[in-house]
Amino acid sequence: QVQLVESGGGLVQAGGSLRLSCAASGRTSSNYAMGWFRQAPGKERAFVATMLDGTTYYADSVKGRFTISRDSAKNMVYLQMNSLKPEDTAVYYCAAKTTSGRLNVAYEYNYWGQGTQVTVSS
């Protein structure tokens with residue numbers, strides 16, 4: 001089992017920045033893919049970014065603005081979000097993927113945090 005706890009969400013003006021943190025505990029491993037997804041009201045959960053074996057992957061909508069990073073020694077994953085836009089408003093979830101499969105698909109991830117709200121005002 002892997003437990004994930006997100007923090008760092010909040011309200012920010014458009015153009016601002018936030019850094020989300022995800023603390024992992026339990027049967028963690030640097031071999032797992034660790035990612036971020038988001039879900040806006042009335043929409044499906046969408047891929048944001050993920051990291052595996054030092055390689056990062058991003059959704060086109062956040063490329064160049066968001067950066068995912070990982071501190072394996074501390075079992076932490078971060079999402080630095082810059083140049084935020086109102087359309088970035090969503091609940092952001094940290095997720096861990098312990099099996100093979102696609103990295104940008106929510107159902108491939110088998111552990112999830114409770115989510116943290118990010119609201120970007122215009």
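The values are calculated or read from the model by the stated rules, or taken from the named source; none is laboratory data. Not measured: the values here are computed from a predicted model. Positions of Cβ are backbone-derived with ideal geometry, glycine not excepted, and every protein chain shown enters the neighbour counts. Keep in mind that these areas ignore ligands, DNA and RNA; they rest on the heavy atoms of the full protein, side chains included. Shrake-Rupley method; radii C 1.70, N 1.55, O 1.52, S 1.80 Å.
Quick notes
- Scope the stretch 43-66; condition surrounded by fewer than 14 Cβ atoms within 10 Å (Cβ to Cβ) and either in a strand (DSSP E or B) or at pLDDT below 95 (or both); matching residues: Asp53, Gly54, Thr55
- Summed over the stretch 88-122, the residues that are within 22 Å of Leu11 (Cα to Cα) and either without any contact (Cβ under 8 Å) to a residue 24 or more places away in the chain or in a loop (DSSP other than H, G, I, E, B) (or both) give a count of 5.
- Filter result for the condition that a residue is surrounded by fewer than 19 Cβ atoms within 10 Å (Cβ to Cβ) and closer than 17 Å to Ala90 by Cβ, over Ser69, Ser17: Ser17
- Test: residue in the stretch 81-94 that is open to solvent by 40 Å² or more (accessible area, probe 1.4 Å), under 19 Å from Ser122 (Cα atoms) and among the hydroxyl-bearing types (Ser, Thr, Tyr): yes
- Leading residue by the ranking (nearest to Thr116 (Cα to Cα)) among those in the stretch 25-42 that are in a loop (DSSP other than H, G, I, E, B) and open to solvent by 40 Å² or more (accessible area, probe 1.4 Å): Pro41
- Lone unmet requirement of (1) of a type outside the set (Lys, Arg); (2) modelled with pLDDT under 95; (3) more than 26 Å from Glu87 (Cα to Cα); (4) open to solvent by 30 Å² or more (accessible area, probe 1.4 Å) for Gln3: (2)
- Criterion: over 19 Å from Ser17 (Cβ atoms) and of a type in the set (Val, Ile, Thr) - qualifying residue of Thr55, Thr116: Thr55
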